[in-house]
Amino acid sequence: MDLALAEARAALATDDVPIGAVVIGPDAKVLATGRNEREAHGDPTAHAELVAIRAAAQALRDAGRGDGWRLEDCTLVVTLEPCAMCAGAIVLSRIPKVIFGAWDEKAGAVGSVFDILREPRLNHWVEVYPGVRKEECAALLSDFFRARRRD
Ligand SMILES: [Zn+2]
């Protein structure tokens, strides 16, 4: 979560909402990192989780491990509860374990609004560890939005 928080802070440089993500590989080493780059690239899908998942799949492919898109035995760590798009990507990439920080009461899809990662109708269920260092993760976001309102 330290690294995910560092990624989140780095997103501030491009005036992006500070959200960071890390994919830990099957060997328990960091496989890829990502941060919200929506403003940086003008890309509505450049959420931290998607950036990290894409980079992780590429890293596995480059290393000649697996088929390069199934992130089996990997863990995704992210500072904010994933949205519906990112939860969908987690299911599609077969990530078995997700650790997240703050809850997203408005758009969260891992228990707040939807629960895509534990949806019984899907054939992939994910082990979820919510609320890890949630105060720090949430403070980063609330500070960001408070500063914006002042501008
Ligand atoms: Zn998302």
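The values are calculated or read from the model by the stated rules, or taken from the named source; none is laboratory data. Here the structure is a predicted model, which is why all the values come from computation and not from measurement. Every residue, glycine as well, gets a Cβ built from its backbone with ideal geometry; the counts of neighbours run over all protein chains shown. What goes into the accessible areas is simple: the full protein's heavy atoms, side chains included, and nothing from ligands, DNA or RNA. Shrake-Rupley method; radii C 1.70, N 1.55, O 1.52, S 1.80 Å.
Helix content alone sets the calculated 222 nm mean residue ellipticity of the chain: runs of n ≥ 4 DSSP H residues at -39500 (n - 2.57) each, divided across all residues, give -11000 deg cm²/dmol. Shown in residue order for segment 17-32 are the 3J(HN,Hα) couplings computed by the Karplus curve 6.51 cos²θ - 1.76 cosθ + 1.60 at θ = phi - 60°: 4, x, 10, x, 9, 9, 10, 8, x, x, 8, 6, 9, 5, 8, 6 Hz (x for Gly and Pro). Of the residues Ala10, Ala28, Ala48, the one whose Cα sits farthest towards the positive end of the charge dipole of segment 1-116 is Ala28 (charges of +1 on Lys and Arg Cβ, -1 on Asp and Glu Cβ, taken about the Cα centre).
Residues whose amide H lies under 5 Å from that of Leu80, counting only those 5 or more places away or on a different chain, are Gly20, Gly101, Ala102; hydrogens are built 1.01 Å from N in the peptide plane. Would you work out if segment 74-130 is rounded, prolate or oblate? Take a ≥ b ≥ c from the square roots of the eigenvalues of the alpha-carbon gyration tensor; rounded if a/c is under 1.5, else prolate when a/b is larger than b/c, oblate otherwise. Cα axes put segment 74-130 in the oblate bin.
With a Förster radius of 22 Å applied to the beta-carbon distance between Phe114 and Ser142, the computed FRET efficiency rounds to 0.45. Summary of packing: across the peptides 22-35, 44-57, 77-90, 123-136, the per-residue average of other C-beta atoms within 10 Å ranks them, highest first, as 77-90, 44-57, 22-35, 123-136.
Might you report the magnitude of the Cβ-based charge dipole of the chain about its Cα centre, with Lys and Arg at +1 and Asp and Glu at -1, to the nearest 20 debye?
80 debye
Working from label points 7 Å from Cα in the Cα-to-Cβ sense, the His124 to Arg94 distance is 0.8 nm.
Output the relative contact order of the chain, whole-number percent, from Cα pairs under 8 angstrom with separation of 6+ residues. Contact order relative to length: 19 percent. A simple rule links phi to the HN-Hα coupling: the Karplus curve 6.51 cos²θ - 1.76 cosθ + 1.60 with θ = phi - 60°, which for segment 74-83 gives 9, 10, 9, 10, 9, 6, 10, 3, x, 7 Hz, with x for Gly and Pro.
Simple spin-label estimate for Arg150 and Ala6 gives 2.7 nm between the two label positions (7 Å along the Cα-to-Cβ direction from each Cα).
For segment 21-151, the per residue solvent-accessible surface stands at 54 Å², with DNA, RNA and ligands left out and a 1.4 Å probe.
Alpha carbon centre of segment 1-74 versus segment 84-151: separation in Å? Centre-to-centre (Cα) distance: 14 Å.
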